[in-house]
Protein chains: 2
Amino acid sequence: MFENTDKTNINELGEFGLIDHLTKNFEIKKSTTVKGIGDDAAVLNPGDKKVLISTDMLLEGIHFDLAYTPLKHLGYKAIQVNLSDIFAMNAIPQQVTVSIGMSSKYTLEAIEDLYEGIYVACEKYGVDLIGGDTTASKQGLVISVTVLGYADEKDITYRNGAEEGDLICVSGDLGGAYVGLQLLEREKMVYLENPNIQPDLEGKDYIVERQLKPEARVDVVDLLKSRGIKPTAMIDVSDGLASELLHICKQSNKGCNLYEEKIPIDPMTYDTAREFNLDPTVCALSGGEDYELLFTIKQTDYDKIKHDVDVSIIGYITEPAAGLNLISKSGQVHELKAQGWNAFE
Amino acid sequence: MFENTDKTNINELGEFGLIDHLTKNFEIKKSTTVKGIGDDAAVLNPGDKKVLISTDMLLEGIHFDLAYTPLKHLGYKAIQVNLSDIFAMNAIPQQVTVSIGMSSKYTLEAIEDLYEGIYVACEKYGVDLIGGDTTASKQGLVISVTVLGYADEKDITYRNGAEEGDLICVSGDLGGAYVGLQLLEREKMVYLENPNIQPDLEGKDYIVERQLKPEARVDVVDLLKSRGIKPTAMIDVSDGLASELLHICKQSNKGCNLYEEKIPIDPMTYDTAREFNLDPTVCALSGGEDYELLFTIKQTDYDKIKHDVDVSIIGYITEPAAGLNLISKSGQVHELKAQGWNAFE
């Protein structure tokens, strides 16, 4: 992929030259950004807001496979997964730092693709790139992103605020990113066995995009604000619905009833899961990487949101003694367990 | 190093269990920390200060060699190199996030050592650990740290404020970390050739410690404050004196005269450099990792600092047309060049 010798070798630029080159089109847009790239630290002026900070690391071979992940998409996704954490606090992201470790075999053009994706995501969500670190890596590609967001104290939504009777809501649909990954993995195997066979992803754009190019749900944060709803608890779906709901219940010290039939699953996700002999519900519960928002609202807010097709009400919060329950389509009650992604297995 | 099978395998804990376990002794100390670990993002309340943010990534095989780097020292150093960036802005660090990527072959006890070093550094400098990410790595150990600091706008010292006639100052001594690294590398080679020969580091504690366990110079920031001196420009010495001074001159659009004979070099650094047939001045100019503070002050501040033995005055700032000059001990004028560390070479 990176063996074209017409390309520019990054060690010709050196670290500072590379940073200058890659970041020259990133303009400062936010009034809270006093000083961005180019000193020992960036300087921010939050005014009278609270500052929120979150960080995520993406490692080659663990979080992405360059065999089927275009670098531009990877840069875009690295920003999205971080923005999603700030939206999950009901806050607005404004700055990111990006640290990259990469092998010296990468050409400048390859790294430019990565930064192009970062740039598109920053532009789309109006965030400033304000710093980072760029270094060689002996092994795979390493991307570490930190995001800063701002909110008034009264607007911040933690995981621990769910109350008995609150409705459990989720945006969009679930399981697609995981099923998309299975598809990409299968086509990679087919290709490795016979490079003459072209990948067969026809008609599967939606779930492939769910995996490669997720969108953090700023629109859901905006929707809730416009309807005058402050969620009582919120988290983004990175590890799977079950794991996230358990986080909310554990931190709020509550139980839950989650209804399988209410979990939103796109028809393509459903059908493709079946092709792989996977249970679509399990894909939604444990697949992860959907970057939808899972949140709880007071019952009195139900009328404000009931007609929004992009938000599904999937259950409700109970007293802790009632347990953590998944009610299946046939009406059976199962204990809800997080079998989500464990990076160490 | 990590093959003792009595130890605890980290995949038994899972990601969330591991984070809980490793961070349970990190208590929140700062009033600016509203919410630390445990939600989608940490929440900070900076009051009416400016917020400063900096980030550094350390990769196995590039920035450290576990053959001679104890994990506890590595954790300590990872925090120090980040704190140093905030001190270099004349500000006070208060929070850090730490993201770790590691092979599943690491035992829990090994990662605890790493976090013990992080803990000691956080306690010593009074900073709160407020978040991060913990993931598997297919290859080497990856550490990415982000630090947040605070300062009044009037106190922040950028790289671009040096004026003609300002004195160039540096804290401590230079080149030791680089020469210490040469020593560690040599002893590693001797050991690899014959494991029966014990490393010979006797009497070399100082330079070994400069490499493995650097100290960010909060005392210099405090000293300047107590003397009523605000540096006109400041940077920390991570890539070598030459590279850092060129950053200040370039960003301030000035020239400089740097005097070789004034560059502070510890006798052990000097002698050991000579043993390796290295020029001690080159080690100071290009070695890096000293984490001393390089700063410029107005001439009128000279009397306030002239008796401080831990601060050396090594030259002065000139008009840009005068160029970037290194005046050797014999009085010859050379162009100052950054041959510092390039991670891509």
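State all residues of the range A:17-70 that are at the interface with another protein chain (Cβ under 9 Å from one of its Cβ atoms), small (Gly, Ala, Ser) and within 30 Å of A:PRO199 (Cβ to Cβ); if no residue qualifies, say none.
The one that is at the interface with another protein chain (Cβ under 9 Å from one of its Cβ atoms), small (Gly, Ala, Ser) and within 30 Å of A:PRO199 (Cβ to Cβ): A:GLY61.
Restrict the check to the range B:114-124 and report whether at least one residue is hydrophobic (A, V, I, L, M, F, W, C), surrounded by 19 or more Cβ atoms within 10 Å (Cβ to Cβ), in contact with a Phe, Trp or Tyr (Cβ under 8 Å, 6 or more places away or on another chain) and within 30 Å of B:ALA242 (Cβ to Cβ).
Within the range B:114-124, the subset hydrophobic (A, V, I, L, M, F, W, C) is B:114, B:118, B:120-122.
Now drop any that are not surrounded by 19 or more Cβ atoms within 10 Å (Cβ to Cβ), which leaves B:114, B:118, B:121-122.
Within this subset, residues satisfying the condition of being in contact with a Phe, Trp or Tyr (Cβ under 8 Å, 6 or more places away or on another chain) are B:118, B:121-122.
Now drop any that are not within 30 Å of B:ALA242 (Cβ to Cβ), which leaves B:121.
The answer is yes; a qualifying residue exists.
Over 30 Å from A:VAL51 (Cβ atoms) and either over 19 Å from the mean Cα position of the chain (by Cα) or surrounded by 24 or more Cβ atoms within 10 Å (Cβ to Cβ) (or both): which single residue out of A:GLN198, A:GLN182 fits that description?
On the way: A:GLN182 fails: either over 19 Å from the mean Cα position of the chain (by Cα) or surrounded by 24 or more Cβ atoms within 10 Å (Cβ to Cβ) (or both).
Going through A:GLN198, A:GLN182 in turn, just one is over 30 Å from A:VAL51 (Cβ atoms) and either over 19 Å from the mean Cα position of the chain (by Cα) or surrounded by 24 or more Cβ atoms within 10 Å (Cβ to Cβ) (or both): A:GLN198.
Looking at (1) at pLDDT 95 or above; (2) assigned by TED's automatic domain parsing to the domain that holds B:GLN251, which is the only condition B:VAL190 fails?
Here B:VAL190 meets the rest and fails (1).
Given the residues B:TYR191, B:TYR178, B:TYR150, B:TYR158, which is the only one that is among the aromatic types (Phe, Trp, Tyr) and in contact with a helix residue (DSSP H, G or I) (Cβ under 7 Å, 6 or more places away or on another chain)? Before you say what the answer is, go through the steps one by one.
Working: B:TYR191 fails: in contact with a helix residue (DSSP H, G or I) (Cβ under 7 Å, 6 or more places away or on another chain); B:TYR150 fails: in contact with a helix residue (DSSP H, G or I) (Cβ under 7 Å, 6 or more places away or on another chain); B:TYR158 fails: in contact with a helix residue (DSSP H, G or I) (Cβ under 7 Å, 6 or more places away or on another chain).
Answer to the check: B:TYR178.
At the interface with chain A (Cβ under 9 Å from one of its Cβ atoms), under 30 Å from B:ILE305 (Cβ atoms) and touching a Phe, Trp or Tyr at 6+ places or on another chain (Cβ under 9 Å): which single residue out of B:GLY175, B:GLY180, B:GLY149, B:GLY165 fits that description?
On the way: B:GLY175 fails: at the interface with chain A (Cβ under 9 Å from one of its Cβ atoms); B:GLY180 fails: at the interface with chain A (Cβ under 9 Å from one of its Cβ atoms); B:GLY165 fails: at the interface with chain A (Cβ under 9 Å from one of its Cβ atoms).
None of the others qualify; the one that does is B:GLY149.
Determine, yes or no, whether B:GLY140 is within 27 Å of B:ASP236 (Cβ to Cβ), in a loop (DSSP other than H, G, I, E, B), away from chain A (no Cβ under 14 Å) and over 21 Å from the mean Cα position of the chain (by Cα). Walk me through it before giving the result.
Numbers: within 27 Å of B:ASP236 (Cβ to Cβ): yes; in a loop (DSSP other than H, G, I, E, B): yes; away from chain A (no Cβ under 14 Å): no; over 21 Å from the mean Cα position of the chain (by Cα): yes.
Against the criterion (within 27 Å of B:ASP236 (Cβ to Cβ), in a loop (DSSP other than H, G, I, E, B), away from chain A (no Cβ under 14 Å) and over 21 Å from the mean Cα position of the chain (by Cα)), B:GLY140 does not qualify.
I'd like the residue in the range B:110-137 that is within 14 Å of chain A (Cβ to nearest Cβ) and of a type outside the set (A, V, I, L, M) and, out of all such residues, is nearest to B:VAL218 (Cα to Cα).
Within the range B:110-137, the subset within 14 Å of chain A (Cβ to nearest Cβ) is B:110-111, B:127-137.
From the residues that got through so far, the ones that are of a type outside the set (A, V, I, L, M) too are B:128, B:131-135, B:137.
On the way: B:ASP128: 16, B:GLY131: 23, B:GLY132: 24, B:ASP133: 27, B:THR134: 29, B:THR135: 32, B:SER137: 34 Å.
Among those that are within 14 Å of chain A (Cβ to nearest Cβ) and of a type outside the set (A, V, I, L, M), it is B:ASP128.
Of all strands (runs of 3 or more DSSP E) completely enclosed by the range B:25-82, which ones contain at least 2 residues that are hydroxyl-bearing (Ser, Thr, Tyr)?
On the way: elements: B:33-35, B:42-44, B:50-59.
By residue number, B:50-59.
Are any residues in the range B:183-215 touching a His at 6+ places or on another chain (Cβ under 8 Å) and among the basic types (Lys, Arg), and if so, which ones? Before the answer, list the steps.
Going residue by residue through the range B:183-215, those that are touching a His at 6+ places or on another chain (Cβ under 8 Å) are B:212-213.
Result: B:LYS213, single match.
The values are calculated or read from the model by the stated rules, or taken from the named source; none is laboratory data. These numbers were taken from a predicted model, which means no experiment stands behind them. All Cβ positions, even for glycine, are placed from backbone atoms using ideal geometry, and neighbour counts span all protein chains on display.
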